[in-house]
Amino acid sequence: MTETQVAIVGAGPAGLVLARLLKRRGVEAVVLELRSRDYVEGRVRAGVLEQRTVDLLDEAGVAERLHREGMVHQGVELRFGGRSHRIDLSGLTGGRKITVYGQQEVVKDLIAARLESGLPLHFEVSDVTVADVESERPAVRFTHEGSEVELRCDVIAGCDGFHGICRPAIASALRVFEREYPFAWLGILANAKPSSEELIYANHANGFALHSMRSPEVIRSYLQCRPDEDLDEWPDERVWEELQTRFELDEGFSLNEGEIFDKGVTPMRSFVVEPMQHGRLFLAGDAAHIVPPTGAKGLNLAVADVEVLASALESFYGSGDTAGLDAYSEQCLRRVWRVQHFSSWMTSMLHRPPGQDPFEAKLQLSQLEYVCSSHAASTTLAENYVGLERV
Ligand SMILES: Cc1cc2nc3c(=O)[nH]c(=O)nc-3n(C[C@H](O)[C@H](O)[C@H](O)COP(=O)(O)OP(=O)(O)OC[C@H]3O[C@@H](n4cnc5c(N)ncnc54)[C@H](O)[C@@H]3O)c2cc1C
């Protein structure tokens, strides 16, 4: 048997940021990860960081490369009806901005910092289970390098994503709120120069499209598709043709094309469990909630959760005060539902559901025109997109 103060299950953004924050607050933690380091560092996912996420990574001392390589954006473009409309994120929010920096780069920086500090982070653990979560000394059991280990702790942080084991372990204490969408995203990475300095969100009769980037040489683009879309039906030529169509402008526009080196389909889902804690097990990030990616919020929300949890644990270990831990779920859920609303609103405004009737299409267009022409409506989009203030 081994012991620690906080056992963190999962080395995604939530688990790794939590481990880093706890280290800086003098709280001991062990991080357990199912996959290999290579796998975790290579997983391509989010790319948009809110200002508050960047500020937190800065304070945690892991943002040096982010500032060097990340691309700071002060606006986004909405494209519909053959016209382009810029939302001035910074102008509308008192100078706040977003940074485009791949999630896997954030993860690499956090892993490097953890390993450099010599603190425990175990990859390729298996048979992970949690026990005694209603007691003051819960445990995580797992197999590592052929040995069975029981890790006793004060608190378990369930940062093991949507398909992890922590949420199912306390399922009977949770209420689920869920929505599936009748469409998905076909995402590509390609060696091509971005065709715009800022992200472009397009609503076209053929469906939604997003133009994004990972570096000055690599673009990330998405096309709305069916949830059961067969990638074999999407040779590269068809992907480019469809992207060109969905980003078309009356005045003319051509996307830069290049070699596609990654292609995949991402389902869209909204999901929340309440509460986000039971006994001494606290869920954070995708383990507790999923948002459709249109609002670019999943990673940011995971980081917001663990900021709350780290502060609560600091008080717990500093003075024995459990008020922060007791209020963890309530405090996180206020942000979670705001972000759920924003992500669902962006999704419904920008996607064309199958069988959309003409009335609905007109309403969507009217909503988009209002967002782009009203200062109040643009501000609503901007302040939610750059992220609400830190708690
Ligand atoms: C295509 C795509 C695009 C996205 N775009 C954006 C975006 O632009 N902006 C944004 O903010 N978000 C975006 N997201 C969402 C974002 O990637 C997730 O919300 C984020 O990864 C959540 O972090 P997490 O640490 O909670 O979970 P995860 O990243 O899922 O990490 C969980 C970790 O736990 C590990 N694990 C699982 N089970 C176990 C176990 N039993 N034991 C130990 N470890 C385990 C997993 O291997 C994983 O490493 C996107 C997601 C996708 C799929």
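The values are calculated or read from the model by the stated rules, or taken from the named source; none is laboratory data. The structure displayed is predicted, hence computed values, not measured ones. No Cβ is skipped: glycine too gets one built from the backbone with ideal geometry, and neighbour counts run over all protein chains shown. Side chains included, ligands, DNA and RNA excluded: accessible areas come from the protein's heavy atoms. Shrake-Rupley method; radii C 1.70, N 1.55, O 1.52, S 1.80 Å.
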Legend entry - Label-point separation in nm, Glu330 to Asp250, each point 7 Å along Cα→Cβ: 5.3
Legend entry - Rounded to whole Hz, the Karplus (6.51, -1.76, 1.60) HN-Hα couplings of segment 205-220, x for glycine and proline: 3, 7, x, 6, 8, 10, 9, 9, 8, 10, 6, x, 10, 10, 10, 10
Inset, instruction - Let me know the Rg and Dmax you get for segment 1-80 when you use only its Cα atoms, in Å. - result: 15.8, 60
Legend entry - Computed P(r) (all Cα pairs; segment 17-127; 5 Å bins; percent): 2, 10, 17, 19, 16, 13, 8, 6, 5, 2, 1, 0
Inset, instruction - Tell me what the chain gives for mean residue ellipticity at 222 nm when only DSSP H runs of n ≥ 4 count, each as -39,500 (n - 2.57), the sum divided by the residue total, rounded to 500 deg cm²/dmol. - result: -11000 deg cm²/dmol
Legend entry - Hydrodynamic radius (Kirkwood) for the chain, which is based on Cα pairs only, to one decimal in Å: 21.8
Inset, instruction - Give me the compactness ratio for segment 284-391, meaning the Cα radius of gyration over 2.2 N^0.38 Å. - result: 1.36
Legend entry - Lys, Arg +1 and Asp, Glu -1 on Cβ, resulting dipole of segment 41-159 about Cα centre, debye, nearest 20: 880
Inset, instruction - Would you mind pulling out the separation of the Cα centroids of segment 99-170 and segment 1-40, in Å? - result: 5
Legend entry - Which of Phe177, Thr322, Val30, positive extreme of dipole for the chain (C-beta unit charges): Thr322
Legend entry - Range in the chain, longest, excluding exposed GluC sites (Glu not before Pro) [loop by DSSP; at most 10 other beta-carbon atoms within 10 Å]: 252-388
Inset, instruction - Pop out the Kirkwood hydrodynamic radius of segment 147-301 from its pairwise C-alpha distances, inverse of mean 1/r, in Å to one decimal. - result: 17.9
Inset, instruction - Keeping all protein chains in place, calculate the accessible area per residue for the chain (probe 1.4 angstrom), answer in Å². - result: 42
Inset, instruction - Provide the convex hull volume over Cα atoms per residue for segment 140-197, in Å³. - result: 259
Inset, instruction - Considering only Leu365, Leu381, Leu89, give the residue with the highest GNM mean-square fluctuation for the chain, with springs between Cα atoms whenever their separation is below 10 Å. - result: Leu365
Legend entry - Unit charges on C-beta of K, R, D, E only; dipole of segment 195-297, Debye: 820
Inset, instruction - Whenever you get a sec, compute what percent of the accessible area on segment 120-279 sits on carbon and sulfur atoms (1.4 Å probe). - result: 45
Inset, instruction - Note the full-extension length gain between Lys97 and Ala171 as 0.36 nm times their separation in residues minus their Cα-Cα distance, in nm to one decimal. - result: 22.9 nm
Legend entry - Pairs beyond 27 Å (Cα-Cα), from Lys263/Lys362; Lys193/Lys263; Lys23/Lys297; Lys193/Lys362: Lys263/Lys362; Lys193/Lys362
Inset, instruction - Using a Gaussian network model of the chain whose springs link C-alpha atoms within less than 10 Å, name the residue from Pro138, Pro292, Pro216 with the highest mean-square fluctuation. - result: Pro216
